[in-house]
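Where a number appears in this text, it was derived from the coordinates with a stated rule and is not lab data. Note that the structure is a prediction, hence the values are computed from the model and not measured. Cβ placement follows ideal geometry from the backbone for every residue including glycine, while neighbour counts extend to all protein chains displayed.
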Amino acid sequence: MVIDELLEVLFFEEIEELLAFKKRLWARYTPDTRPENGDAYWRESDAFLLERIPDKAAFAARCERYAAAGTPTWQGQAQSHCDVMDADALNEIMALNTAEIGALRVAMYERARDTWAVHLDDYAREVNRDEGSLILELATGAGGGTAAVATGFRAGSRMISADIDYGCAQNAERIARHLGMTDRLCGIAANFWYLPFADGTFDAVCTHYGLDESGELGRVVAEVCRVLKPGGRFVVTARVSPFARHGRVAAMYGLDEAEFCALARTARFYSGVEGLTELAEKFGLALVKRSDYAPTGGHARFIAVFEKRG
């Protein structure tokens with residue numbers, strides 16, 4: 001089970017309790033969390049948080065404890081592990097590994113680029129700047145960014161799409177089957193803090209809403225820099241502010257955007273575009289281009305292109 005980076009921070013000392021609760025909640029309400037059961041799902045989730053973290057001071061204290069003692073460890077497991085799934089979960093994933101599911105993922109991208117995802121074509125163009133590129137994608141997710149890049153491949157380019165959740169990584173495999181690109185696109189399960197690639201392997205690394213959903217951001221950026229070739233590019237799409245992702249929880253604790261972003265920075269997860277730019281510079285990635293988007297009815301987002309110094 002994948003839990004978000006904020007909960008990883010808040011419960012890093014009680015991760016087993018959190019995982020057990022989330023599994024019970026998921027079993028009770030999924031897949032029917034919308035619309036009838038959505039409110040009940042979030043009421044129970046919020047009650048769990050407030051019982052253990054009753055106020056702003058307790059919330060801040062947990063972020064500070066993580067800052068002092070937290071490490072890049074996935075749900076308390078050894079560093080090499082990704083999401084751990086039982087046989088039932090694996091069987092469900094394998095049953096969905098079809099070109100038909102890949103077609104649905106690509107269709108989702110086609111619809112999204114005309115509605116909320118007005119940035120997607122620009123993102124794909126930035127990733128696909130050069131022919132013959134070896135590309136690493138961080139965070140396959142639902143596959144929208146994967147489909148955007150793959151359908152815009154330049155001649156000779158190939159991409160490995162990585163996700164800490166094996167089920168999400170398989171979306172890349174499904175898209176590849178649908179597009180007839182199994183020799184150019186594949187998905188793997190990988191931990192972004194310990195990428196399984198040699199130094200200087202990739203011409204480009206890209207992420208579509210993966211960086212702003214990761215913990216230990218400095219470690220992720222350091223790994224990106226390590227696996228990039230000198231002169232290689234890191235193309236990022238992310239929310240301008242983490243408040244767009246965690247504003248509901250922040251409001252529960254009376255945290256305004258500035259307070260929440262400061263705590264995010266303390267706890268080493270995404271604190272906003274300025275913090276990301278500073279981190280990238282620290283690890284040898286220079287910002288060469290930034291484009292901002294503010295679609296009606298959607299959160300503010302950006303595409304940033306960083307280049308690894310030679």
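Scoring Ala267 on the criteria (1) out of contact with any strand residue (DSSP E or B) (no Cβ under 8 Å at 6 or more places or on another chain); (2) within 28 Å of Val118 (Cβ to Cβ); (3) crowded, with 21+ Cβ neighbours inside 10 Å leaves a single failure, condition (2).
Any residue at all in the range 196-204 that's in a loop (DSSP other than H, G, I, E, B), more than 16 Å from the chain's Cα centre (by Cα), within 22 Å of Leu104 (Cα to Cα) and free of Cβ contacts under 8 Å to residues at least 60 places away in the same chain?
Filtering the range 196-204 down to residues in a loop (DSSP other than H, G, I, E, B) leaves 196-201.
Still in the running and more than 16 Å from the chain's Cα centre (by Cα): 196-201.
Within this subset, residues satisfying the condition of being within 22 Å of Leu104 (Cα to Cα) are none.
No.
Taking the criterion of being outside any loop (DSSP other than H, G, I, E, B) and over 20 Å from Leu228 (Cβ atoms), the residues of the range 151-171 that qualify are Tyr166, Gly167, Cys168, Ala169, Gln170, Asn171. For the range 144-155, the set of residues classified as farther than 19 Å from Val2 by Cα and either buried (at least 20 other Cβ atoms within 10 Å of the Cβ) or in contact with a Lys or Arg (Cβ under 9 Å, 6 or more places away or on another chain) (or both) consists of Gly145, Thr146, Ala147, Ala148, Val149, Ala150, Gly152, Phe153, Arg154, listed by residue number.
Answer with yes or no whether Trp42 is in contact with a His (Cβ under 7 Å, 6 or more places away or on another chain) and closer than 19 Å to Leu6 by Cα. No. Within the range 54-68, the set of residues being in contact (Cβ under 8 Å) with a residue 24 or more places away in the chain and exposed (fewer than 15 other Cβ atoms within 10 Å of the Cβ) comprises Asp55, Glu64, Ala67.
For first residues located in the range 1-13 and closer than 19 Å to Asp46 by Cβ, partners that are among the aromatic types (Phe, Trp, Tyr) and assigned to a helix (DSSP H, G or I) and lie 6+ apart or on another chain with Cβ distances below 7 Å form the pairs Met1/Trp26; Val9/Tyr66. Residues considered: Gly272, Gly310. Of these, the only one that is touching a residue at least 40 places away in the same chain (Cβ under 8 Å) and either in contact with a helix residue (DSSP H, G or I) (Cβ under 7 Å, 6 or more places away or on another chain) or farther than 20 Å from Glu8 by Cβ (or both) is Gly310. Name the single residue that is surrounded by the most Cβ atoms within 10 Å (Cβ to Cβ) among those in the range 187-210 being hydrophobic (A, V, I, L, M, F, W, C) and within 16 Å of Ala238 (Cα to Cα). Here the answer is Cys206. If the condition is being touching a strand residue (DSSP E or B) at 6+ places or on another chain (Cβ under 9 Å) and among the charged types (D, E, K, R), then the range 231-253 contributes Arg233, Arg239, Arg245.
Looking at Met94, Met108, just one residue is surrounded by fewer than 19 Cβ atoms within 10 Å (Cβ to Cβ) and more than 19 Å from the chain's Cα centre (by Cα), and that residue is Met94. Checked against the criteria, Thr140 counts as of a type in the set (S, T, N, Q) and buried (at least 20 other Cβ atoms within 10 Å of the Cβ). In this structure, Val240 does satisfy being in contact (Cβ under 8 Å) with a residue 12 or more places away in the chain, surrounded by fewer than 20 Cβ atoms within 10 Å (Cβ to Cβ), touching a Gly at 6+ places or on another chain (Cβ under 9 Å) and at negative phi.
For the range 127-137, a residue qualifies if it is in contact (Cβ under 8 Å) with a residue 60 or more places away in the chain and surrounded by 22 or more Cβ atoms within 10 Å (Cβ to Cβ), and the qualifying residues are Val127, Ile135, Leu136, Glu137.
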